[in-house]
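Derivation of every value follows stated rules applied to the coordinates shown; laboratory data play no part. All values reported here derive from a predicted model rather than from experimental measurement. A quick note on method: Cβ atoms are made from the backbone with ideal geometry, for glycine too, and the neighbour counts reach across all protein chains shown.
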Amino acid sequence: MTTDHNAQFAVGTETVDYEVMHGTEGPSVVNIASFYKDTGMFTYDPGFTSTASCESKITYIDGDAGVLLYRGYPIEQIAEQGDFLETCYLLLYGELPTFQQHQEFVKSVTYHTMIHEQMNRFYAGFRRDAHPMAIMTGCVGALSAFYHDSTDISDPHQRMIASIRMIAKMPTIAAWAFKYSIGQPFVYPRNDLDFSANFLRMCFSVPCEEYKVNPVLARAMDRIFILHADHEQNASTSTVRLAGSSGANPFACIAAGIACLWGPAHGGANEAALNMLEQIGSADRIPEFIDRAKDKNDPFRLMGFGHRVYKNYDPRARIMQKTCHEVLAELGIKDDPLLEVAMELEKLALHDEYFVEKKLYPNIDFYSGITLRALGFPTTMFTVLFALARTVGWIAQWKEMVEDPSQKIGRPRQLYTGAKRRDYLPSAQRG
Ligand code: SDX
């Protein structure tokens, strides 16, 4: 990073100089940490549309060009040539693993996939029809009750163990949330299966017959996890960083991230996008819904469309669409009606003045729902799969923050527009 002093802020007759910091890619930043001390004013940026909350080396997004890099590697190359656990290693440690490092990391994750047997009872406390994201939020938060030996965030060894435990146990917790919701017995992880094959088996095998993992579907699942692994300082990652800045244990921080991801404007959009496609039902109804999405008085939005950062095609959406076609072909699903609606909707929206002018393109959630439904998951599981994959991104960002010597507790201020000071009135005098 390089810096220079060429940002000035004029306040009345005064001008104040600020340091400009230049990164390796993307916009530079003005360091305004002393702005309040210098001017007696706060800056104002609800939604953080122009605010860099931290310095990071993990993921870079160029929203105008539709570029996504994990530690400098293009998402297209990683998704095509890599695997999810290799991506986890890259995000956590900054470099692609050697063969030996990869083997050791895979072994370490594999031997942490079981969860404490007593956690089994947590599920029984939920209604069978509980949303799996509610179960995930509860169970992941509870992990700190079982693994106190990896909650001292000042100890690098405990941070590493907690990171591995989170990555390894999320598939088991997620699969059991699914099994519980459909009233089927839990399936334990197997050490002779790779990460994604193990997950599919825990979700779809039943005690009555042998389950054979389809390698094409396991590869598709693994690629979907890669696409969702990290995405810079999005809402849920910022939640994890803010929770972590108070010194909270990593399990509690990840549970906070899961809760934030659940929102339909964020990770919940994959579930909402599929529900929207089902609501549209057929291509002839698309114009009606596009009109509604454009109507300021109608809260309806095209789910899976638009993005705070991407003002071009989300590169993950292209790969997801390709994966969608591969999965449907492997399963012999021809002319999936929802895929037809999605592709027609995309075509019409991308030629509509409103979407063109506002630079609204399909994002990762637009095609993921069709793919996940074809793999056999109910819509309520879609955001759970997003959380499973994003856990490594949350953990990597949390680790980077904890290891940053300059980090301090996050504590934003406000513009106060409430009542001025006034004295208490006893109720008899309140009229
Ligand atoms: C994810 O941040 C990340 O990196 C997130 C994520 C990740 O990997 O972590 O990429 C994952 O969350 C993807 C986004 C999933 N959400 C959806 O698909 C929900 C639908 N999209 C919108 O809700 C919206 O586009 C957001 C929330 C994604 C982004 O909203 P912004 O950046 O706050 O933009 P905005 O709401 O200010 O929209 C700008 C304009 C507005 O119109 P004007 O007020 O300027 O007239 O575009 C309009 C919006 O009304 N608009 C849409 C729209 N998205 C934005 N209009 C119709 N349909 C949409 N989908």
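The Kirkwood hydrodynamic radius of segment 180-220, based on inverse pair distances between different Cα atoms, is 10.8 Å.
Would you work out the relative contact order for the chain, in percent, from Cα pairs under 8 angstrom that are 6 or more residues apart? 19 percent. Translational diffusion of the chain was estimated from the Stokes-Einstein equation, with Rh taken as the Kirkwood radius over Cα pairs; at 25 °C and 0.890 mPa s the coefficient is 104 µm²/s. Its convex hull of Cα atoms gives segment 64-175 a direction-averaged projected area, equal to a quarter of the hull surface, of 9.5 nm². Of all lysines in the structure, those lying under 24 Å Cα to Cα from Lys334, and not within fewer than 8 positions of it along the same chain, are Lys212, Lys322, Lys347.
Here the contact order of segment 195-344, divided by its residue count and restricted to Cα pairs under 8 Å and six or more residues apart, works out to 21 percent.
Here the translational diffusion coefficient of segment 200-342 follows from Stokes-Einstein with Rh set to the Kirkwood radius across Cα pairs; for 4 °C and 1.567 mPa s it amounts to 72 µm²/s.
Taking the DSSP bridge list for the chain and keeping only pairs wholly inside it, about 100 percent are antiparallel. In segment 135-202, the convex hull through the Cα atoms has an average projected area of 5.1 nm², a quarter of its surface area.
The calculated P(r) of segment 37-125, using every Cα pair and 5 Å bins from 0, goes 3, 10, 14, 13, 12, 10, 10, 12, 8, 4, 3, 0 in percent. Over 15 Å apart: what share of the alpha carbon pairs of segment 1-63 falls there, rounded to a whole percent? Above the 15 Å cut-off, segment 1-63 has 59 percent of its Cα pairs. Cα centroids of segment 62-113 and segment 268-313: 32 Å apart. Equivalent-ellipsoid semi-axes for segment 263-318 (Cα gyration tensor, √(5λ), whole Å, largest first): 19, 14, 12.
Given their separation in residues at 0.36 nm each and the Cα-Cα distance between them, Lys107 and Tyr211 gain 35.2 nm when the chain is fully extended.
Take each peptide in 190-196, 137-143, count the other Cβ atoms within 10 Å of every residue, and average; sorted highest first, the result is 137-143, 190-196.
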